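Okay, so here's the structure we're looking at.
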Amino acid sequence: MRRRDFLAATAAAALPLRRFGRVRLPDAASATLLARPFDLDRVRLGPGPFRDAMQVNRRFLVAQDPDRLLHMFRLTAGIPSSAEPLGGWEAPVNELRGHYTGHYLSAVALMSASQGDAELKARGDHLVTELAACQRALGNGYLSAFPEELFDRLRDGKPVWAPFYTLHKIMAGLLDMHTLAGSAPALEVLQGMTRWVARWTQPLGDEAMARVLEREYGGMNEMLYNLSARTGAGQDWLRDLAHRFDHERFFAPLALGRDELKGLHANTNIPKVIGAARRYELTGEPRYRHVAEYFWRQITTQRAYCTGGTSNGEGWNTEPGVLATELSGETQEDCTTYNMLKLTRHVFGWTADAACADYYERALFNGILGSQHPRDGEKLYYVSLASGLWKLFGTPFQDYWCCTGTMSEAFAKLGDSIYFQDDAGVYVNLFIASELDWRERGMRLVQETRFPEDDVTTLTVRAPRPVRFALRVRVPYWATSGGSARLNGRPLDGFAAPGGYFVLDRTWKDGDRLAVTLPMRLHVHAMPDDPTMQAVMYGPLVLVGRLGTDGLTPDVLRAAPTQPRTVPEYKRGPVAAPALVARGSGPESWIERTGALEFRTTGQAQDVTLVPLHSIFDERYAVYWKVSEA
Ligand SMILES: [Zn+2]
């Protein structure tokens, strides 16, 4: 769009308020989707580790004081506030302040949809009301916990942290409050902010805007594309505004299938790619699908650890496929895992490729599930993959890292991406106890499982009338010893190979039960550039060696307010873990199972006990081992 047209459109634009309803993708989008996700409010978690984790997160969210979350917004707007300021990245001097309040809006909106949580929805509504008052006091649509002067610095090329990153969190939080929790005021506040963004960017030529995009800006493009889809036709100007946040310098090599990611900050860039994914879905332009899909495959196959996580010291520091040197206390920032999962959801939608769901499961169990402390819901910044370190959690009200916010959202939407649908039927991608409400087809699907402690999942159809659909159950890449299925207790012939789906296309009656058994085995995940450096896995779970609690006094189990890296031991490289000797053809010949999810090496100079990474807390551990052949 030419600048003059853009200005005219912006001036004329009054975003229409639509009644709260379900998000519908425009036609261009539906055509691109082989599998569509279910809305979050259609999936309720059943008993198990995921529902437990959501409840821990709920306690963490309820412990936050709204007046403290609003404090710097109010002062910035000239409204008195006597609340005690928050610490860490929310402190009054921190240039990212306000970002957590945005994440918080998303988190309570997600919880509201995930479990019909009226109390958290009310908290979100209250925050929106108070933020609207701040916006009114400021008078020009702007809303932030810091003054516009930070944006002046951004425009003028002066030092500043990342104003649009923070603004994105607030705007995305408002959009989530609108789409997931039905808040009309949230949309009004967001529209005011959007018009402010349009006015701020309007005078900038393409070169100046390109300079702005060199500074981390979260998923501004994605959020504006989502808003344009939400508010419907006549919103070309909004899509054009979103496009101004598409980072062409970053996208160009990806569109050509070139990995030029070395040296880049990981979580600055993954959200931009989710924006590219949304542009493809809304416009059908294949270039943006190439960008997103190539990026996804490159990260998941060349730049991901055994855990599915990516990044070391927050960056990609090497050429593709070089990871053996990339182990430290700052591996795989949690935000990157969360955003890769968001991207995976899109790529699965376009491809219905079981490999996407395999990746999702691996990253979810190993990168997300163990990233909050079960005691108080404090979040993790980095999942350390360096031997001998431990999970360094935040301190209540004193950190508010990016990952504190991101994980507040992650643990509020654990029902996401378990199921997908198309016209023929349903995909069961994850083995998580839950109930799917597929009311358009007049049925519910109840999944009961104790996975990963148990290797069986049972799917029961609830339908007042018989209903024809294909039930597709993912057969994971790790199910190499074969699986089996029973329908209403009768064994079924044949089973799908790992990496595909077991499909049963039939007319289902109320009470029909499909039980699928997916035996888990021990296997190793080697570094791509050093086959002797291996992690041990059981099914999708990364197993870690328990290395004791020496020196882990309470003060080093919790991180300092500003950065985990201020804890001295976290600056060091990997600490030596005991070397292991592989005897026989696979890890089952030198590792024995000693409990439901507990294992122990045998015949080693120093034997170690292995447990899932997601279940270890307040203890030193090792993920990768130097393994030699006997
Ligand atoms: Zn982070």
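Whole-Hz Karplus values for the range 609-622 come out as 8, 10, 9, x, 4, 5, 10, 9, 9, 6, 8, 6, 8, 10 Hz, taken residue by residue from phi with 6.51 cos²θ - 1.76 cosθ + 1.60 and θ = phi - 60°; glycine and proline positions read x. Distances between placed amide hydrogens fall under 5 Å for F393 paired with A559, all partners being 5 or more residues away or on another chain. With K and R counted +1 and D and E -1, the other residues having a Cβ less than 11 Å from that of T76 yield a net charge of 0.
When DSSP assigns beta bridges and you keep just the ones with both residues in the chain, what percent turn out antiparallel, to the nearest 5?
Details: 69 of 77 bridges.
Within the chain, antiparallel bridges account for around 90 percent of the total.
For the chain, what is the accessible area per residue in Å², given a 1.4 Å probe and the full set of protein chains? It would help to have the intermediate numbers written out before the result.
Numbers: 22850 Å² over 630 residues.
Computed with neighbouring chains in place, this is 36 Å² per residue.
Of all lysines in the structure, those lying under 21 Å Cα to Cα from K391, and not within fewer than 8 positions of it along the same chain, are K379, K571.
Rounded if a/c is under 1.5, else prolate if a/b is larger than b/c, else oblate: which is the range 479-527, with a ≥ b ≥ c the root eigenvalues of its Cα gyration tensor? Because a/c hits 1.5 or more and a/b exceeds b/c, the range 479-527 counts as prolate.
Counting only Cβ charges, +1 for Lys and Arg and -1 for Asp and Glu, the dipole size of the range 448-504 around its Cα centre is about 400 debye. Name the residue farthest towards the positive end of the dipole of the range 28-92 from the options F60, G46, L34, assuming +1 on Cβ of Lys and Arg, -1 on Cβ of Asp and Glu, about the Cα centre. Toward the positive end, the furthest listed residue is L34. Can you give me the % of accessible surface on the range 359-411 that is carbon or sulfur? Probe 1.4 Å, all protein chains present, nothing else counted. Carbon and sulfur atoms account for 56 percent of the accessible area of the range 359-411. If I compute solvent accessible area with a 1.4 Å probe over the protein chains, what percent of it on the range 454-500 is carbon and sulfur? About 49 percent, which is the carbon plus sulfur part of the accessible surface.
State whether the range 485-630 is rounded, prolate or oblate according to the following rule on the C-alpha gyration tensor (a ≥ b ≥ c being the square roots of its eigenvalues): a/c under 1.5 gives rounded; otherwise a/b larger than b/c gives prolate, and the remaining case gives oblate. Prolate, because a/c is 1.5 or more and a/b exceeds b/c. Look at the dipole of the range 370-448 built from charges on Cβ: of M443, Q421, P396, the Cα furthest out on the positive end belongs to P396. The sum of -39500 (n - 2.57) across all DSSP H runs of n ≥ 4, divided by the residue count of the chain, sets its helix-only mean residue ellipticity at 222 nm to -11500 deg cm²/dmol.
Couplings for the range 544-554, taken from phi via the Karplus curve 6.51 cos²θ - 1.76 cosθ + 1.60 with θ = phi - 60°, read 10, x, 7, 10, x, 10, 3, x, 8, 6, x Hz in order; Gly and Pro are left as x. Less than 5 angstrom separates the built amide H of V475 from those of G499, G500, Y501, F502, all sequence-distant by 5 or more or on a different chain. Farthest towards the positive end of the charge dipole of the range 283-347, among the residues N312, T336, V347, is the Cα of V347, using unit charges on the Cβ of Lys, Arg, Asp and Glu. For W508, nonlocal amide neighbours, meaning residues 5 or more places apart or on other chains whose placed amide H falls under 5 Å from its own, are V467, R468, F469. Take every pair of alpha-carbon atoms less than 8 Å apart whose residues are at least six positions apart; their mean separation over the length of the chain yields a relative contact order of 15 percent.
Using only Cα positions of the range 398-459, each an equal point scatterer, no hydration layer, compute I(q)/I(0) via Debye at q = 0.22, 0.23, 0.25, 0.29 Å⁻¹ and quote the log10 values to two decimals. Values returned for q = 0.22, 0.23, 0.25, 0.29 Å⁻¹ are -0.93, -0.97, -1.06, -1.22. Of interest is the spacing of the C-alpha centroids, which for the range 188-215 and the range 57-98 amounts to 25 Å. Computed from backbone phi with θ = phi - 60° and the Karplus coefficients 6.51, -1.76 and 1.60, the 3J(HN,Hα) list for the range 140-147 is 10, x, 5, 8, 6, 8, 9, x Hz; x is used for glycine and proline.
Surface composition of the range 113-181: carbon plus sulfur atoms contribute 53% of the solvent-accessible area (1.4 Å probe, protein chains only, all chains present).
Can you compute the charge dipole magnitude of the range 302-449 about its Cα centre, using +1 on each Lys and Arg Cβ and -1 on each Asp and Glu Cβ, nothing else charged? Give it in debye, rounded to the nearest 20.
Working: 11 positive and 20 negative charges, 31 e Å.
Taking the Cα centre of the range 302-449 as origin, the dipole is about 140 debye.
Think of each Lys and Arg Cβ as +1 and each Asp and Glu Cβ as -1; about the Cα centre, that makes the dipole of the chain roughly 1360 debye.
The values are calculated or read from the model by the stated rules, or taken from the named source; none is laboratory data. All values derive from a computational prediction rather than experimental measurement. We place every Cβ from the backbone using ideal geometry, glycine too, and count neighbours over all the protein chains shown. Remember, those area values only see protein heavy atoms, side chains included, never the ligands or the DNA or RNA. Shrake-Rupley method; radii C 1.70, N 1.55, O 1.52, S 1.80 Å.
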